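Right, one structure below, let's go through it.
Every number here is computed from the coordinates shown, using simple stated rules; none is lab data. Since the model is a prediction, treat every value here as computed from it, not as a measurement. Heads up, the Cβs are rebuilt from the backbone with ideal geometry, glycines too, and the neighbour counts pull from every protein chain shown.
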Amino acid sequence: MVDRIMTVNAYTTFDLLDGRVEGHGFEEDAMAVLNVSAPRKDPDHVTLQLEMDNTQLSAVTPHADEVTLSAAQARELAAELEEYAQQVEDAQE
């Protein structure tokens, strides 16, 4: 990915995931970067960031999306991910 908005390095949670952008009248696939982080000093939230490879998209301008979660919200998301991961594993067995 060139012209990234997010900083991507060895600490980035996931890089080069399969992503999809969907909107009214369009749908495009692109590589994506997904990162989870918290402030280093006095963390008071968890940040979830997503950026699609803008070289593979024509329907949206280059951007990165970010969501701020409380600790409780981050745990709820983690529990949902665990539940759905288990469903996928069960279906593949």
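Computed over neighbours whose Cβ is under 15 Å from that of D90, the net charge equals -4, Lys and Arg +1, Asp and Glu -1.
Over the chain, dividing the summed -39,500 (n - 2.57) contributions of all DSSP H runs of at least 4 residues by the number of residues returns a 222 nm mean residue ellipticity of -8500 deg cm²/dmol. Extension gain for T7-F26 works out to 4.1 nm (0.36 nm per residue, less the C-alpha to C-alpha distance).
Quick check on packing: order 72-81, 48-57, 20-29 by the mean number of other C-beta atoms within 10 Å, highest mean leading.
48-57, 72-81, 20-29
Each Lys or Arg adds one and each Asp or Glu subtracts one; over the other residues with Cβ under 12 Å from the Cβ of P62, this totals -3. Overall, the chain carries a charge dipole of about 540 debye about its Cα centre when +1 sits on the Cβ of Lys and Arg and -1 on the Cβ of Asp and Glu, all other atoms neutral. Charge tally around R4: other residues with Cβ under 13 Å, Lys/Arg +1 each, Asp/Glu -1 each, net -4.
Couplings 3J(HN,Hα) of the range 23-30, computed from phi: x, 5, x, 8, 8, 9, 9, 7 Hz, in residue order, whole Hz [Karplus 6.51 cos²θ - 1.76 cosθ + 1.60, θ = phi - 60°; x for Gly and Pro]. Mean separation of Cα pairs under 8 Å and 6 or more residues apart, divided by the residue count, gives the chain a relative contact order of 22 percent.
For the range 14-92, compute the orientation-averaged projected area of the C-alpha convex hull (one quarter of its surface), in nm².
Taking a quarter of the hull surface, the average projection is 7.0 nm².
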